[in-house]
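The structure under discussion appears below in the form of structure tokens.
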Amino acid sequence: MPAVEDRLRALGILLPAAVPPVANYVPSVISGPWLVVSGQLALGDDGKLDPAHIGKVGASLSIEAGRAAARRCAINILAQAKAALGDLDRIRRCLRLGGFVNAAPGFSQVAAAMNGASDLMVEVLGEKGRHARTTVGVAELPLDCAVEVEALFEIADKGL
Amino acid sequence: MPAVEDRLRALGILLPAAVPPVANYVPSVISGPWLVVSGQLALGDDGKLDPAHIGKVGASLSIEAGRAAARRCAINILAQAKAALGDLDRIRRCLRLGGFVNAAPGFSQVAAAMNGASDLMVEVLGEKGRHARTTVGVAELPLDCAVEVEALFEIADKGL
Amino acid sequence: MPAVEDRLRALGILLPAAVPPVANYVPSVISGPWLVVSGQLALGDDGKLDPAHIGKVGASLSIEAGRAAARRCAINILAQAKAALGDLDRIRRCLRLGGFVNAAPGFSQVAAAMNGASDLMVEVLGEKGRHARTTVGVAELPLDCAVEVEALFEIADKGL
């Protein structure tokens, strides 16, 4: 399999600068062979939310827009993983994604939106990207972002 | 203590076939001595949601109905654990359940509904079933299911 | 760095008695070098919710009130950690906080409320308190509490 960075290039994905958090927490922590990544919003390369990623999926935003926001969250997760690990090839596996969809009342197709994150992870990491997942529809998200995704990775070279 | 399968039989619980996910994720992953199980809905033996498990707890569904849905989620978690481990006696402990209740506006008795999952885990696993837990009421769940539950287990024979 | 208990004293924080759960789950579990703490509400020293911590942030409660509730959840997390570990100096690091804010419709400043928990963790634990974090706004919480926070810690003396 090609190196993860090669895949990103082939997919035309440029990882943004990892966004530092604005409060007393950190974007990720490493504990033994695990990398825990904080919930990521769909922030763009400029660190701001594109209006296309703001609002409730199923109301002002379509499922497709939700999927695009979830994909962007996953890209930001990989940016944080790269900042933490230096090299994305150190990822042995994406173990889990937790997906929170800013859902309009009565909109239950939250899994379809979250697929944008899951698909991106498998596109980039191949079999190593296949993860356990929990998806729910929440009432509100920071900055009224359409989707927030958190992640847990296993690191290859930290002895398990 | 009798084997877990014996307990299931004594309780009259037949584990369903583990439901495969319909997207780019997997029902569970093993990492070292941990088994992470994806969020499970209250799907029935036929892989479909019984109407009794659809809707908002505190509105169209009673607390009792919520509890029954949570119990079904826990049964599906055990089905996924069995599919992953082969033998449920390999479980050393259920470490954590995360419960998401599809809550009607103003319905805050979400813990009472989630007890259906916690009680099942202890009925089946005994002391090994006593877990840490987080329960929240969410706006929407996939398929408008009443409850979704995710789980983390410690595996007995993977050296901790 | 002074011992954690000294810091608590200097901050004027008296840890409450750890609140036992009222159902088939436990306040925390230890698995290898990890301590998983169940979602904690903002219960007071008497095990009850102060009215100031009840209701929706952004409606009946201000952001400041939400922040105070989140801070109280974090204090209760430390009380559970002390009950589990005996000595808070056994904490090597707070790895992750999961924050669930009982958000009024349209209130997206949930991260500002959750900062009350993150700030407390860093005040008390110093650099060891800097954690990964996920914050979402949920529809309902147990007892209509304003905030619920769960935690994951790494234990110093359990060999990683």
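The table for this structure:
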quantity	calculated
Any hit, region A:2-12, residues being within 11 Å of chain C (Cβ to nearest Cβ), at pLDDT 95 or above and open to solvent by less than 30 Å² (accessible area, probe 1.4 Å)	no
Some residue of region A:125-134 being touching a residue at least 60 places away in the same chain (Cβ under 8 Å) and among the hydrophobic types (A, V, I, L, M, F, W, C)	yes
Region A:30-45, subset within 14 Å of chain C (Cβ to nearest Cβ) and over 23 Å from C:A151 (Cβ atoms), residue surrounded by the most Cβ atoms within 10 Å (Cβ to Cβ)	A:A42
Region A:15-29, subset among the hydrophobic types (A, V, I, L, M, F, W, C) and either in a loop (DSSP other than H, G, I, E, B) or more than 9 Å from chain C (Cβ to nearest Cβ) (or both), residue farthest from C:L97 (Cα to Cα)	A:L15
Subset tally (residues that are of a type in the set (G, A, S) and open to solvent by 30 Å² or more (accessible area, probe 1.4 Å)) for region B:13-29	2
Single condition B:V36 does not satisfy, out of (1) assigned to a loop (DSSP other than H, G, I, E, B); (2) in contact (Cβ under 8 Å) with a residue 60 or more places away in the chain	(1)
Condition check for A:L120: of a type in the set (A, V, I, L, M), more than 27 Å from B:A146 (Cβ to Cβ) and touching a Lys or Arg at 6+ places or on another chain (Cβ under 7 Å)	yes
Residue that is out of contact with any Cys (no Cβ under 7 Å at 6 or more places or on another chain) and touching a residue at least 24 places away in the same chain (Cβ under 8 Å), where the choices are A:A117, A:A146, A:A52	A:A146
Odd one out for B:R9 among (1) basic (K, R); (2) touching a residue at least 24 places away in the same chain (Cβ under 8 Å); (3) closer than 17 Å to B:E123 by Cβ	(2)
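For every residue, the table says whether it meets (1) closer than 24 Å to C:G32 by Cα; (2) touching a Gly at 6+ places or on another chain (Cβ under 9 Å).
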{"position": "B:A117", "(1), (2)": "no, yes"}
{"position": "B:E127", "(1), (2)": "yes, no"}
{"position": "B:T134", "(1), (2)": "yes, yes"}
{"position": "B:A146", "(1), (2)": "no, yes"}
{"position": "B:E154", "(1), (2)": "yes, yes"}
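The values are calculated or read from the model by the stated rules, or taken from the named source; none is laboratory data. Note that the coordinates shown come from a computational prediction; the quantities given were computed from them, not determined experimentally. Backbone-built Cβ (ideal geometry, glycine too); neighbour counts: all protein chains shown. Only protein heavy atoms, including side chains, enter the accessible area calculation; ligands, DNA and RNA are left aside. Shrake-Rupley method; radii C 1.70, N 1.55, O 1.52, S 1.80 Å.
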